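In what follows, a single structure is set out as structure tokens and then discussed.
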Amino acid sequence: MNLNRRRFLALAGAAALAPRLVVAQQHTDLGVRKIRLIAREENRSMLDENTSTRLWGYSENELRLVQGQPVEIEFINELSEPSSVHWHGLRINNAMDGVTGLTQDPVQPGETFVYKFTPQDAGTFWAHTHHRTYEQLARGLYLPLIIEEPTTPDYDRELVMMFDDWRVKQDGQIDLDSFEDMHDWSHSGRLGNVLTVNKQLEPQLAALAGERVRLRLINAANARVMTIRAPLPGWIVAKDGQPLTDVAPLRGSLRIAPAERYDLLVDIPNEAGAILPFGFDYQGQFYEIAQIQVNASASESTARGEPKPLPANPIYMPSKEPEVQLKLEMQGGAMRWLSEATYKGERLSGRELMQRQQAWALNGIANMAEKPMFDVASGTLVEIEMINSTAWEHAMHFHGHHFQSDSANYPPSTWHDTLLMAPQERVMILMPADNLGKWLIHCHMIEHQMAGMKTWFTVS
Ligand SMILES: [Cu+2]
């Protein structure tokens, strides 16, 4: 693969000494916040500075909302095809979830849709198209969605790093002809050949010597699991927008599946002028994808030690036995081909499914079932045995809810809206179903979703 320039990993091992520069932000005005968000064409450089790559994007580089403050987002579609916006990970009103064909009609070119909701959780989320996602997401229709705590926790600076990989041709343009490649759809999904951070090639971010920095890491790729190597030790303080009860030390690299988010706290060393290289581990090699430039600080530094957890969000695991127990089996894909499955109510052979671009199934059903996988009353604690019977990894995403798992690959009691599952892995998850409406469950490797890994549930 044609990745960016390869550089060697330089570890910054200096002891962390940090100044206390906390500025508390008080958000006293909790009236309705109004924002306009336009989907439109944009140009970026995906090969070098001389190349102008035609992408799709939004009129804002990121959205920053405040926990508990109602918002009205006027979404204007200036693209030449219908679209929608999904607020990934937000536990909001079902009608605002942005899933075309399930919760709303597509927003036609030139038309507007007003999304109204109140974010109840502070944390790192993202917004992206949920219409023809396999193409629209790959063309750039996403942005970071930061929900701020009413009072800033104990750190000095935030840096957002949103990772993506793009499939770029020799002429610097997105490869548009490969979007419906059944080989991609039945294998790992559509992988790119250029990595970006915040839609930029090797951006240089900046912090001051001795600062404690909150890094908000988001994987926006269609299908690539990123192995990110941070140049300095730190702590994982949140996953998928939900704070960890106990911060977890981060050493070495961190695997981030498509749609997953991690919040880290890191202490910038007292080395003005240093360059901290952020990297991507791929097949045993380190590729630099971003840098943090360390600038001189005027303030004094003191050792700060392990951080406190971020303030808790209003999410609770009830102390009761699960009332509903289910299985969700991931099936099919290359090397474990489906022999048959139900598709649109019809029992079809593997060959007939492939003719309909279906290669995967959940519990024997390829793509959206006519009936929900389960229908529960609000307040039900649902236990699901997740079984990956395929030869591939999957990033399983539940809409409108977070859940906990017994996966050994995450810190204990981690809340997820997206969970990475290894081939042949079995994981038990517990989900308090408490948000009314129709909600999707799907693999966030978008080609897997398109080719069958998608179902839904209802809470009534
Ligand atoms: Cu998948």
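The values are calculated or read from the model by the stated rules, or taken from the named source; none is laboratory data. Small disclaimer: the values here were computed from a predicted structure and weren't measured. Neighbour counts are summed over all protein chains in view; Cβ atoms, including those assigned to glycine, are modelled from backbone coordinates with ideal geometry. Keep in mind that these areas ignore ligands, DNA and RNA; they rest on the heavy atoms of the full protein, side chains included. Shrake-Rupley method; radii C 1.70, N 1.55, O 1.52, S 1.80 Å.
The table below lists the values:
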| item | result |
| --- | --- |
| Trp415 being within 16 Å of the ligand (Cβ to nearest atom), crowded, with 22+ Cβ neighbours inside 10 Å and aromatic (Phe, Trp, Tyr) | no |
| Yes/no for Leu264 being among the aliphatic types (A, V, I, L, M), within 30 Å of Met226 (Cα to Cα), touching a residue at least 24 places away in the same chain (Cβ under 8 Å) and open to solvent by 20 Å² or more (accessible area, probe 1.4 Å) | no |
| Failed item in (1) in the same structural domain as Met450 (by TED's automatic domain parsing); (2) open to solvent by less than 50 Å² (accessible area, probe 1.4 Å), with Gln357 passing the rest | (2) |
| Residue among Gly57, Gly98 that alone is surrounded by 14 or more Cβ atoms within 10 Å (Cβ to Cβ), more than 16 Å from Gly140 (Cα to Cα) and within 19 Å of the chain's Cα centre (by Cα) | Gly98 |
| Residue within region 198-210 that is surrounded by 23 or more Cβ atoms within 10 Å (Cβ to Cβ) and more than 16 Å from the chain's Cα centre (by Cα) present | yes |
| Verdict on Glu346 being under 24 Å from Ser188 (Cβ atoms), acidic (Asp, Glu), open to solvent by 30 Å² or more (accessible area, probe 1.4 Å) and not assigned by TED's automatic domain parsing to the domain that holds Ser253 | no |
| Residue check for Gln424: more than 22 Å from Arg91 (Cβ to Cβ) and surrounded by fewer than 22 Cβ atoms within 10 Å (Cβ to Cβ) | yes |
| Residue within region 344-351 that is within 16 Å of the ligand (Cβ to nearest atom) and among the hydroxyl-bearing types (Ser, Thr, Tyr) present | no |
